[in-house]
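Okay, structure first, notes after.
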Protein chains: 2
Amino acid sequence: MSTQRKPRGPYRKGIQRRAQILDAALEVFAEQGDRGSSLQEIADRVGLSIPGLLHYFGSREELLLAVLERRDTLETDHLTTDGEGKITSAGEAVVRTIRHNMDQPGLVKLFVALSAAATEPDHHAHAFFADRYRRLTETTKAGMESGQANGTTRTGVNPEHLARLLLAVSDGLQVQWLMDPTVDMAAIVETFNRLCESE
Amino acid sequence: MSTQRKPRGPYRKGIQRRAQILDAALEVFAEQGDRGSSLQEIADRVGLSIPGLLHYFGSREELLLAVLERRDTLETDHLTTDGEGKITSAGEAVVRTIRHNMDQPGLVKLFVALSAAATEPDHHAHAFFADRYRRLTETTKAGMESGQANGTTRTGVNPEHLARLLLAVSDGLQVQWLMDPTVDMAAIVETFNRLCESE
């Protein structure tokens, strides 16, 4: 008798299928952004019809949101397992994420468009983004505080302000980069990190 | 005989009417953001029908863009004529603009939504925003360079990076503030300005 609590049977299959669709969706959005034809392209890649695809998510909007959630998860995995050594600061983590994003303009566009739309309190993604910013602010603030404690981050400045600035820099530069792809986002975040270093 | 080149007659009246509509549109968007009912509300305030209103702009989209252009112009006037004394740095100008924006969430939303949509190269507002970022980057970079020359801004850092960071901070914080109105954008930009000061 097994004590495992892993999902089994049809339910487990549903979860696997959902993950498979999300991987295909991430590929499609990374390659071409969000187009009128995106759903058909994703459905083709996983051998489903569009209604068959949406069955797993409820709506096109929920699928887009699930794609961004999946991207956040992969990004966190990538940061901790990419073998490039330990990340020593919140700022360095953002530089890596931004470098990674520069290969995926379609996903950056999706993020920018959805986060902008989600500023409306009744938008279906509002709670997701509000929670995401709250969480990221807390984590980044903790990173800044430990940097201040160990002498690498400039002291005498509000660590929550530093955290919110880092997130704003990352979001704002993505818009500038989408407008002009010659903008070197990673180098500019590195300059920001230098401003935050203790002298 | 007059040598004046000011527009006269019907043409001049058209320009005045257009400006009057834009003022009404700015009020409506500042008060309530962009809603399904916004055009009707603007039309009512200037005593026109919706088609009569759009006659002056061509489309709803062009009207939204004209509103943001008008806001940029008013903002520049406000910065130079508000009687609060001379602005001494690009960073200080952004703090004042952000303070002003905190009274107009509807216009901030309009800006965030339109700039996000305009990242698509074939969007009708793409050229406007691409040009706006280019122009603002140049002006802000010049401000940073003169700060470095007169000893108020930190040297040894790329002035274009500082300029792009300041613009990114301003854009990114607006999204955070729309998600959570307790975020004190102006105070956080002031912290950024401190990071840019020479020691």
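Tabulated data
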{"quantity": "Cβ pairs under 6 Å, 6+ apart, first in the range A:167-179 and modelled with pLDDT of 95 or more, second open to solvent by 20 Å² or more (accessible area, probe 1.4 Å) and of a type in the set (Val, Ile, Thr)", "calculated": "A:Ser170/A:Val94"}
{"quantity": "Close pairs from the range B:94-109: first part of a helix (DSSP H, G or I), partner open to solvent by less than 60 Å² (accessible area, probe 1.4 Å) and of a type in the set (Ser, Thr, Tyr), Cβ under 6 Å, at least 6 apart", "calculated": "B:Val94/B:Ser170; B:Lys109/A:Thr119"}
{"quantity": "Residues that are open to solvent by 70 Å² or more (accessible area, probe 1.4 Å) and at pLDDT 90 or above, drawn from the range B:30-55", "calculated": "B:Gln40, B:Asp44, B:Arg45, B:Pro51, B:His55"}
{"quantity": "Restricting the range A:118-132 to residues that are under 17 Å from A:Ala168 (Cα atoms) and open to solvent by 10 Å² or more (accessible area, probe 1.4 Å), the residue that is nearest to the other protein chains (Cβ to nearest Cβ)", "calculated": "A:Ala130"}
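For every residue, the table says whether it meets (1) part of a helix (DSSP H, G or I); (2) closer than 17 Å to B:Leu136 by Cα; (3) open to solvent by 30 Å² or more (accessible area, probe 1.4 Å).
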| position | (1), (2), (3) |
| --- | --- |
| B:Gly151 | no, no, yes |
| B:Glu160 | yes, yes, yes |
| B:Leu165 | yes, yes, no |
| B:Gly172 | yes, yes, no |
| B:Leu178 | yes, no, no |
| B:Pro181 | no, no, yes |
| B:Glu190 | yes, no, yes |
| B:Leu195 | yes, no, no |
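Conditions (1) within 7 Å of chain B (Cβ to nearest Cβ); (2) under 13 Å from the mean Cα position of the chain (by Cα), marked per residue:
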| residue | (1), (2) |
| --- | --- |
| A:Ile98 | no, yes |
| A:Asp103 | no, no |
| A:Leu107 | no, yes |
| A:Leu136 | no, yes |
| A:Glu145 | no, no |
| A:Ala149 | no, no |
| A:Thr155 | no, no |
| A:Val175 | yes, no |
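The values are calculated or read from the model by the stated rules, or taken from the named source; none is laboratory data. Quick caveat, the model's predicted, so the values are computed rather than measured. Note that each Cβ is placed from the backbone with ideal geometry, even for glycine, and that neighbours are counted across all protein chains shown. Only protein heavy atoms, including side chains, enter the accessible area calculation; ligands, DNA and RNA are left aside. Shrake-Rupley method; radii C 1.70, N 1.55, O 1.52, S 1.80 Å.
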